[in-house]
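Below is one structure; the comments refer to it alone.
No value in this document is a laboratory result; all are computed from the given coordinates. What you are looking at is a predicted structure, and each value in this text was computed from that prediction instead of being measured. Neighbour counts are summed over all protein chains in view; Cβ atoms, including those assigned to glycine, are modelled from backbone coordinates with ideal geometry.
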Amino acid sequence: MAVYFLLPFWWLLVASTKNNEGLFDAGALWFNGFHFIDNVKLLFTQENGIYLTWLRNSAFYAVVSGVGATAISALAGYAFAKLRFPGRNALFALLLGLIMVPATALVLPTYLLMSQADLVDTIWAVILPSLLNPFGVYLLRVYIHDSIPDEMLEAARIDGAGEFRVFRSVALPAIRPALVTVLLFSMVASWNNFFLPLVMLSDDGLYPLTVGLRTWYMSAIMGNGGAATFNVIITGALVAIVPLIVAFLMLQRYWRGGLTIGAVK
Amino acid sequence: MTQVQTRSAAVAPAAAGPTQRRPFFGRAREAATGWLFVLPFAVLLVAFLLLPMAYAFKISLYRSTLIEGEVFAWFDNYQQAIDDPLVREGVLRVLIFGLIQTPVMIGLALLAALLIDAATSRFSRVFRLAAFVPYAVPVVIGTLMWGFLYSKSIGPLAWTGIDFVGSDTVLASLGNIVTWQWAGYNMIVLYAALQGVPKEIYESAKIDGAGQVQIALRIKTPMISSALVLATLFTIMGTLQFFTEPLILQPLNPGAITQHYTPNVYAYNQAFSFQQYNYSAAISFLLGAVVFVGSYIFLFATRKRSALR
């Protein structure tokens, strides 16, 4: 079974060392000449180095959406768990219901609303919708409810701390593992996002990697002139997934913890 | 959430009634702070969830033609969608896809989770990572990779002589991509649930003479049924919205992967290839409603085993 999961990666690694002609020779699973460096050079010079722009865009969208979504979710999760305000239960019930709304059904109407607000084809069209993370709010509410005793917050208030300070200095440090989990998953969701940027963006200078690589792939298959060849696309795919795999391996304990928070009590 | 209750019950004597509980923190101020804290989230919820939903519903009730302009058409678009053979074809396709792919993938994930739960720690660590890595790959890139692997000219599977993107094989090939991408994720979820089962239960079963296989099937599997239910639910929800994989593989065989291959692909093409926004909104809204209602019914029917109570 492990072979099934890993073999495509082995193929990708081997294929990224071949030039375009080498790809069509027999023996797809073994090396045939070493052109990896050439491929990387080609990748970063194709269409005036637009791949680097896509890489930067993906990173920018992931960091801004991830940090923003986590901060907003933490504030809301804390309020739902520890503060009493009118409408709290109604809003939380609404949130639980809306977690079930399929994201893809919202992309088209969001596009139409964005186009009325003149925000289509700007970075905001990708970032603003990604800041909404109802599931993150739910996870953080559960976690804060479980891990922070009211007495701890009370003590800080008696010491004269303002409400935001209590949140920042007492609550946030206590929920760091959950925060990292939500951050990791919102960043990955944004890095992997395809449908939203596909619909929102038409300027290829704003594309993230997912949308950019697809346009290369489309024109390579269709045989339109001027676009990247297969060896460049394969190397581009490899370069796009290596940072994610490294991040996942390094942050293992967080994603494993995160999956557990979500699925199991 | 039982843990929470016991914990707060243990400290209950220390806390007084709600009116005395917060002498330095008035109720009005607490309410104001609470709203201030949820405000950014509430604004986003309205702007990017409720408003688009309401807007989609509104435009789905209109019809736009060159002669008449925008006219209110009641539920004509929905009627058209229900009668549309292309919608039916797509719905039937994702249903068949889901009925086969979901049990295969969840079964595979369960088998893998049971195996690594019983295996030695080093092997299970390596295997867990190997199976999870595909999840870290963006769906677009995973699909691109498999597109190359399926390729007759450069793929390593060419020796099999199978046309992986032929009109009768492409659905299975898409199923393979989805399984490859998500089986490891589900396996980790199920494995984490297995870790939560108290080990004493296995001991007593062993004393009663149960073998490893019996323990796995009769004790472990029922004990993690809530995680199984959730994993199945998320898979079904994903299946109905099937979009990225067929869209990416489309250029490989446009004759087989049509513009109406799945309801979501159809809605996308109606909007962005034919500017039929009203009809597209009706399809999207219908699909969203089916996923929403379907997952509620599924959770309700299995609520005894579900973690989302």
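So the values come out like this:
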read-out	value
Mean projected area in nm² (Cα convex hull; one quarter of hull surface) for chain A	18.3 nm²
Pair A:Ala247, A:Met218: separation of 7 Å Cα→Cβ label points (nm)	2.6 nm
Evaluated at q = 0.12, 0.16 Å⁻¹: base-10 log I(q)/I(0), Debye formula over Cα of the stretch A:75-141	-0.41, -0.67
Rounded to whole Hz, the Karplus (6.51, -1.76, 1.60) HN-Hα couplings of the stretch A:28-38, x for glycine and proline	5, 9, 10, 5, 7, x, 10, 10, 4, 4, 4
Listed residues A:Phe36, A:Phe92, A:Phe164, most fluctuating in chain A (Gaussian network, C-alpha, under 10 Å)	A:Phe164
Of B:Gln79, B:Gln101, B:Tyr62, farthest towards positive along the dipole that unit charges on Lys, Arg, Asp, Glu beta carbons give the stretch B:62-118	B:Gln101
Volume of the Cα convex hull of the stretch B:42-114, divided per residue and given in Å³	151 Å³
A:Phe31, B:Phe164, B:Phe57 arranged by Cβ crowding within 10 Å, fewest neighbours leading	A:Phe31, B:Phe57, B:Phe164
Hull shadow area, averaged, the stretch B:161-238 [alpha-carbon convex hull, nm²]	7.3 nm²
Counted charge near B:Asn264, where neighbours are those whose Cβ lies closer than 14 Å (Asp, Glu -1; Lys, Arg +1)	-1
222 nm mean residue ellipticity, helices alone, for chain B (DSSP H n ≥ 4; -39,500 (n - 2.57); rounded to 500)	-21500 deg cm²/dmol
Reciprocal mean inverse distance between Cα atoms of the protein assembly as shown - Kirkwood radius, Å	25.8 Å
Gyration tensor (alpha-carbon) shape descriptor, chain B, a/c threshold 1.5	oblate
Label-point separation, B:Asp163 to B:Phe72 (7 Å along Cα→Cβ), nm	5.2 nm
Per-residue Cβ neighbour rank within 10 angstrom, fewest leading, A:Ile221, A:Ile99	A:Ile99, A:Ile221
Magnitude of the charge dipole, the stretch B:188-309, Cβ model with Lys/Arg +1 and Asp/Glu -1, debye to 20	380 debye
Largest-first principal axis extents, alpha carbons of the stretch B:174-309, Å	67, 34, 17
For B:Tyr62, residues with placed amide H under 5 Å, excluding near neighbours	B:Ala73
Dimensionless Rg/Rh of the stretch B:91-218 - Kirkwood Rh, Rg from C-alpha atoms	1.08
Calculated diffusion of the stretch A:1-159, Stokes-Einstein form, Kirkwood radius summed over Cα pairs, 20 °C and 1.002 mPa s, µm²/s	104 µm²/s
Structure-based [θ]222 nm, chain A - -39500 (n - 2.57) summed over DSSP H runs of at least 4, per residue, nearest 500	-22500 deg cm²/dmol
Burial ordering of A:Ile234, A:Ile175, B:Ile201, fewest other beta-carbon atoms within 10 Å first	B:Ile201, A:Ile175, A:Ile234
Gaussian network model of chain B, springs between alpha carbon atoms under 10 Å - residue of B:Pro103, B:Pro52, B:Pro263 with greatest fluctuation	B:Pro52
Principal semi-axes in Å for the stretch A:74-210 [√(5λ), Cα gyration tensor, largest first]	34, 16, 14
Inter-label distance for B:Leu115 and B:Phe272, nm, one decimal - labels placed 7 Å from Cα along Cα-to-Cβ	3.8 nm
Distance cut-off 16 Å, percentage of C-alpha pairs in the stretch A:102-164 lying past it	65 percent
Span per principal axis, largest first, for the Cα atoms of the stretch A:18-72 (Å)	53, 27, 15
Shielding score for B:158-168, defined as the mean number of other chain Cβ atoms within 10 Å	0
³J(HN,Hα) computed for each position of the stretch B:176-185 - Karplus, 6.51 cos²θ - 1.76 cosθ + 1.60, integer Hz, glycine/proline x	4, 4, 4, 4, 4, 6, 10, 4, x, 4
Integer Hz, Karplus 6.51/-1.76/1.60 couplings in order for the stretch A:74-90, x for Gly and Pro	5, 4, 5, x, 5, 4, 5, 7, 10, 10, 9, 9, x, x, 4, 5, 5
Charge dipole of the protein assembly as shown about the Cα centre (unit charges at C-beta), most positive-ward option of A:Ser130, A:Leu108, A:Pro173	A:Pro173
Highest average packing first - B:209-215, B:240-246, Cβ atoms within 10 Å	B:240-246, B:209-215
Per DSSP, loop GluC sites (Glu not before Pro) in the stretch B:40-130 with at most 12 further Cβ within 10 Å	B:Glu68
Dipole magnitude (debye, nearest 20) for chain B, charges at Cβ of Lys, Arg, Asp, Glu	1480 debye
Computed E for A:Glu21/A:Asn48 - FRET, C-beta separation, R0 30 angstrom, nearest 0.05	0.75
Overall form of the stretch A:49-111 per C-alpha gyration tensor (a/c, 1.5; a/b vs b/c)	oblate
